[in-house]
Amino acid sequence: MTVVELSGGVGGAKLAEGLAAHLGQDLIVVVNTGDDLERHGLAIWPDHDTVAYTLADLDDEVRGWGLRDETWTVMDRLAALGEEPWFRLGDRDLATHLWRTDRLLAGDRPTAVALALRSALGFAPTILPMADEPVRTQVRTDDGWLDFQEYFVHRHQAPDVHEVRFDGIESARATPEVRAAIGTADAIVLAPSNPIVSLAPVLAVPGLRDAIDEARSRGVPVVGVSGILGGVALKGPADRMLASLGHESSALGVARLLRDLLDVFVIDAVDADLASAIRALGPRVVVADTIMTDDEARSRVGALVLAATRAVPSAR
C-alpha cells in the first residue's frame with residue numbers, strides 16, 4: 001500500500017512517523033514549502049526539516065523543532081556581535097542548511113536536494129517539496145503584510161491574521177515526482193496540520209488538485225485528520241487563525257474547509273458531538289483518541305488512519 005501524506009510541520013511529522021511505522025518506504029510526504037525562508041544567506045526549510053528530523057529520529061520533541069542535543073555557539077556569537085537572533089538555528093542544524101544551500105547554488109532542484117538529504121539521514125519514507133519554485137506564505141495583520149516566519153517566530157503569532165496569500169504560487173507547478181506519487185497512491189492523507197497555512201499552500205500549487213481529483217476518480221480515498229481538538233490547536237496558531245479569518249475553530253470548521261476533498265475525517269473523541277454535523281457535509285467520520293504523545297500513540301493513530309483508508313469503497 002502506497003500512501004501520500006500532505007503535510008505541514010509538527011502535526012504532519014508526528015503522523016508521518018506513525019504511518020511510517022506501518023508503511024516504511026511506501027510512505028511519501030508532500031510537504032509545505034510556503035514557510036521556507038532565507039536567513040544568514042541560507043535556505044531554511046522549516047516544515048521539511050521537521051518531518052525529516054522526525055523520520056530520522058533526530059528531532060527535539062521538547063522544543064518541537066530542530067535537532068535534539070543541539071548546541072548554540074553560532075547564535076550566541078551572533079548575539080554578542082549585535083545581531084538579534086530571533087530565528088534561532090542550532091549548530092548541527094546549521095550544517096543541514098549550509099549543505100542544502102551549497103547544492104541549490106550549484107543548480108540542484110529542491111526536490112533533488114530533499115531526496116539527497118533523505119539518503120544522508122537514512123530514513124525510509126520519501127519527502128517531496130510541494131513545488132520546486134519558491135512560494136512564500138504571507139499574512140496580513142494590523143501592521144500590514146508580514147512574511148510567515150516574521151509573524152510566526154519573530155512576533156510570536158501575536159497579531160490577528162486578517163488575510164493570507166501565497167506569494168509566487170501562480171508560477172509554481174506540481175513537480176513530476178509529486179504528480180507521479182499521487183498518480184500511483186493507494187490513499188491520500190491530509191495531516192493534522194494548519195488548514196490555512198500548511199495544507200492550503202500545498203493544495204494551491206497548480207496541478208496538484210487536478211492530480212488529487214484524478215486519483216479520486218479512480219477510487220483513491222482521501223482521509224483527513226483534524227488538528228483542532230476541543231476547539232484548540234495542540235500547537236501553533238491554527239485555532240486563532242481560523243477564528244480571525246471568520247471560520248469556526250473546531251473540527252467541524254476544518255471539515256468545512258476540506259469538505260470537497262474528504263472521504264473520511266478522523267476527529268478526536270473530545271469532539272464526538274460534532275460527528276453528525278461533519279457527516280452531513282459528506283465524509284465518513286472516525287472518532288478516536290488522536291493525540292500523538294509518543295511513538296506508541298503515533299503508531300496507533302497511523303494504524304487507525306490506514307484502517308480508515310481501507311474502509312472506503314473503491315467504486316465511486
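When the accessible area of region 35-125 is split by element with a 1.4 Å probe, what percent falls to carbon and sulfur?
54 percent
With θ set to phi - 60°, apply the Karplus curve 6.51 cos²θ - 1.76 cosθ + 1.60 along region 119-125 and write out the HN-Hα couplings as whole Hz, x wherever there is a Gly or Pro.
5, 5, 8, x, 9, 7, x
Alpha carbon centre of region 123-181 versus region 47-97: separation in Å?
Between the Cα centre of region 123-181 and that of region 47-97, the gap is 20 Å.
Give the accessible area for His22 in Å² (nearest 10); use a 1.4 Å probe, count only protein heavy atoms, and leave out ligands, DNA and RNA.
Around 90 Å² of this residue is reachable by solvent.
Given that compact globular proteins tend to follow 2.2 N^0.38 Å, what is the ratio of the alpha-carbon Rg of the chain to that value?
0.95
What does the highest-first list of 138-147, 253-262, 7-16 look like by mean Cβ count within 10 Å?
By packing density, highest mean first, the sequence is 7-16, 253-262, 138-147.
Apply the Karplus parameterisation 6.51 cos²θ - 1.76 cosθ + 1.60, with θ equal to phi minus 60°, to every residue of region 195-208 and state each ³J(HN,Hα) to the nearest whole Hz, in sequence, with x for glycine and proline.
x, 8, 10, 10, 7, 4, x, 4, 5, 7, 5, x, x, 6
If packing is taken as the average number of other Cβ atoms within 10 Å across a peptide's residues, how do 55-64, 110-119 rank, most packed first?
In decreasing order of mean packing, 55-64, 110-119 become 110-119, 55-64.
Tell me whether region 229-289 comes out rounded, prolate or oblate; compute the Cα gyration tensor, take square roots of the eigenvalues as a ≥ b ≥ c, and use a/c under 1.5 as the rounded threshold.
Oblate.
Give me the extension gain from Arg173 to Arg259: residue separation times 0.36 nm, minus the current Cα-Cα distance, reported in nm with one decimal.
28.6 nm
Skipping prolines and chain starts, which residues have an amide H placed within reach, meaning under 5 Å, of the one on Val286, given they are 5 or more residues away or on another chain?
Those qualifying (amide H under 5 Å, at least 5 residues apart or on another chain) are Phe265, Val266, Ile267.
Give me the accessible area per residue for the chain, probe 1.4 Å, as a whole number in Å².
On a per-residue basis, the chain sits at 41 Å².
Run the numbers for Thr71 and Arg92: contour at 0.36 nm per residue of separation, minus the present Cα-Cα distance, in nm.
6.8 nm
I'd like to know which of Ala185, Gln157, Gly144 lies farthest towards the positive end of the charge dipole of region 137-227, counting +1 on Cβ of Lys and Arg and -1 on Cβ of Asp and Glu.
With unit charges placed on the Cβ atoms, the residue in question is Ala185.
Calculate the dipole size of the chain relative to its Cα centre from +1 charges on Lys and Arg beta carbons and -1 charges on Asp and Glu beta carbons; express the result in debye to the nearest 20.
Using only the charged Cβ atoms, the result is roughly 880 debye.
In nm, what is the difference between 0.36 nm times the number of residues separating Glu296 and Asp210 and their Cα-Cα distance?
That pair, Glu296 and Asp210, stretches by 27.4 nm at full extension.
The values are calculated or read from the model by the stated rules, or taken from the named source; none is laboratory data. Quick caveat, the model's predicted, so the values are computed rather than measured. Neighbour counts are summed over all protein chains in view; Cβ atoms, including those assigned to glycine, are modelled from backbone coordinates with ideal geometry. Areas reflect the complete protein model, heavy atoms only, side chains present, ligands, DNA and RNA absent. Shrake-Rupley method; radii C 1.70, N 1.55, O 1.52, S 1.80 Å.
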